[in-house]
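Working notes, beginning with the structure itself.
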Amino acid sequence: MNRKKANILILYSYSESYEKERPHEMAAEIEVEEVAHGIGEALMNIGFTVDMVHILTSHNIKDAVVKFRPELVFNLCEALNGVASGETLAAQTLEDMDMKYTGSGPSTLKVALDKGETKELLLSKGIPSPPFKVLQEGDGFEIGLGFPVIVKPLNEDGSIGISRESVVNDEVTLERRIKYIHNLYNQPAIIESYIDGREFNVGILGNPGDEVVLPLAEMDFSDFPDEIVQICTYKAKWFKDCAEYKGSVPICPAIILPEVEEKIKKVALDAYRTLGVRGYGRIDIRLGADGLPYVIDVNPNPSISRESGLVRASSAAGFTYERLISKIVECTFEK
Ligand SMILES: Nc1ncnc2c1ncn2[C@@H]1O[C@H](COP(=O)(O)OP(=O)(O)O)[C@@H](O)[C@H]1O
Ligand SMILES: [Mg+2]
């Protein structure tokens, strides 16, 4: 088969969304359609033939694959009809159809969508991640971590449910915030020790054993509108006009001592391998006061919009957008 001429089917998720209870948290889902078009253009520039279908259910995936008979699926199904666990089902559906598809497999996506499971796995391999506790509705509020802590929904990404109020310093506010997560997000809350240190994003390309670790990016929070709590909130990630967005500036490549950089890259790569991320991923890390890089978040299939951190980091490594997309496709043919 001539790979350059291969027929690639781009599948991307959308949701019949505005009925969702939290329409203001739809930014990632709105973005994905635009990203799909950008990737389609890049793939055609490289010489692939491209079809594109938006996906609401796993049945849509099956129908599209049967209809277009692609050699490879570019999988941008981040959810199914707004439900985050649909990401796993989408990859499983492609797996069951014996399709080659970009990015990580269902078991990796499933673990990564559960921050508690991810951290247990990392800690079991000796990879630093902040101490934590998961609380279901009805559990007591004993957490035994000390303060400050950060309270997050267990099964979301894209900073959904994360604001300056997520970081709490006392029992009363903690209890209130945990209830807020249970009620609004309908899922357990994860409470983690708050790491008050520099934040780095580490983009990695390739399959386990054959990876390229991209230049580090640091989130520069010097102009963040809060001197105490400086985190990547939902507003900071998605709302360009707000002060939190303007005060969270990625610097890539990061300005950092080479020995610290090496330490961070090693921990990130260990996390990538431990979760079995394939093709591309981004690991978020905070540097503790003890000098250890703590893994905050493992993102298989992170955003690859032209403005995303992963694209910025690959560009700092000399990759054009086409080269990055082509690398992701190559990884899929090789796995
Ligand atoms: N334990 C922590 N200590 C300090 N900051 C944290 C911690 N956990 C999360 N954050 C902040 O919150 C942001 C979003 O949290 P993260 O777990 O990455 O959620 P998501 O999966 O939605 O991206 C991080 O980028 C970081 O700024
Ligand atoms: Mg994150």
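The values are calculated or read from the model by the stated rules, or taken from the named source; none is laboratory data. A quick note: this is a predicted structure, and the numbers were derived from the prediction, not measured. Reconstructed Cβ throughout: ideal geometry from the backbone, glycine too, with neighbour counts over all protein chains shown. Just so you know, the surface numbers come from the protein's heavy atoms only, side chains and all, with ligands and any DNA or RNA stripped out. Shrake-Rupley method; radii C 1.70, N 1.55, O 1.52, S 1.80 Å.
Structure summary
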| read-out | value |
| --- | --- |
| Selection count where residues are of a type in the set (Lys, Arg) and buried (at least 23 other Cβ atoms within 10 Å of the Cβ), scope region 239-277 | 0 |
| Residue count for region 166-180, restricted to those that are over 20 Å from residue 197 (Cβ atoms), among the β-branched types (Val, Ile, Thr) and open to solvent by less than 10 Å² (accessible area, probe 1.4 Å) | 1 |
| Test: residue 316 is more than 15 Å from ligand 1 (Cβ to nearest atom), surrounded by fewer than 17 Cβ atoms within 10 Å (Cβ to Cβ) and farther than 25 Å from residue 25 by Cα | yes |
| Condition check for residue 274: closer than 21 Å to residue 294 by Cα, touching a Lys or Arg at 6+ places or on another chain (Cβ under 8 Å), within 16 Å of ligand 2 (Cβ to nearest atom) and not charged (D, E, K, R) | no |
| Region 151-165: number of residues that are open to solvent by 20 Å² or more (accessible area, probe 1.4 Å) and either modelled with pLDDT under 95 or within 15 Å of ligand 2 (Cβ to nearest atom) (or both) | 7 |
| In region 190-216, the residues that are more than 18 Å from the chain's Cα centre (by Cα), small (Gly, Ala, Ser) and over 18 Å from residue 255 (Cα atoms) | 193, 209 |
| Region 143-166 residues that are more than 19 Å from residue 183 (Cβ to Cβ), paired with ones that are hydroxyl-bearing (Ser, Thr, Tyr) and surrounded by fewer than 16 Cβ atoms within 10 Å (Cβ to Cβ) (beta carbon under 8 Å, 6 or more apart) | none |
| Test result for residue 117, in a helix (DSSP H, G or I), within 16 Å of ligand 2 (Cβ to nearest atom), within 17 Å of the chain's Cα centre (by Cα) and free of Cβ contacts under 8 Å to residues at least 24 places away in the same chain | yes |
| Of all residues making up region 181-229, the number that are within 16 Å of ligand 2 (Cβ to nearest atom), assigned to a loop (DSSP other than H, G, I, E, B) and open to solvent by 20 Å² or more (accessible area, probe 1.4 Å) | 4 |
| Condition met for residue 111 (in a strand (DSSP E or B), open to solvent by less than 70 Å² (accessible area, probe 1.4 Å) and either among the β-branched types (Val, Ile, Thr) or assigned by TED's automatic domain parsing to the domain that holds residue 72 (or both)) | no |
| Evaluation of residue 104 against (1) outside any loop (DSSP other than H, G, I, E, B); (2) within 24 Å of residue 34 (Cβ to Cβ) (one fails), failing number | (1) |
| Residues of region 281-315 satisfying the condition of being in contact with a strand residue (DSSP E or B) (Cβ under 8 Å, 6 or more places away or on another chain), more than 16 Å from ligand 2 (Cβ to nearest atom) and not in a loop (DSSP other than H, G, I, E, B) | 314 |
| Any hit, region 52-63, residues being open to solvent by less than 30 Å² (accessible area, probe 1.4 Å), within 18 Å of the chain's Cα centre (by Cα) and in contact (Cβ under 8 Å) with a residue 24 or more places away in the chain | no |
